[in-house]
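Where a number appears in this text, it was derived from the coordinates with a stated rule and is not lab data. Everything numeric in this text was worked out from a predicted model, so none of it was measured. Every residue, glycine as well, gets a Cβ built from its backbone with ideal geometry; the counts of neighbours run over all protein chains shown.
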Ligand code: SF4
Ligand code: SF4
């Protein structure tokens, strides 16, 4: 299954191989948890979630489109060419009961 849709990316836990831009990550030590980035991530990507008190980006869902960057009031979203492995518990958010993108 090609990871062409968000549903497929969630099912396979794979990024769309056609995406060439690097994913982005939130620097937790600088983030003020305002949720602005979350509201600016396009629904077809739907990569940013509240995770407890943190705001997180699931790398496999992030196209690197950059729409979230100008939304951040403290500029704490950075390119992440080599993302760390995604924790299992982050996968509870896409299509979970509080998925903000469905
Ligand atoms: S770069 Fe685009 S896809 Fe990635 S988290 Fe930001 S808005 Fe979402
Ligand atoms: S917009 Fe910036 S400060 Fe606000 S939640 Fe997102 S990363 Fe954190």
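The modelled label-to-label distance for the pair residue 7/residue 53, using points 7 Å beyond Cα in the direction of Cβ, is 3.8 nm. Rounded to the nearest whole angstrom, the semi-axes of the ellipsoid equivalent to the chain, taken from the Cα gyration tensor as √(5λ), stand at 20, 15, 12, largest first. Computed over the Cα atoms of region 1-40, pair by distinct pair, the Kirkwood hydrodynamic radius stands at 12.3 angstrom. With the highest mean first, a sort of the peptides 54-66, 13-25 on other beta-carbon atoms found within 10 angstrom per residue produces 54-66, 13-25.
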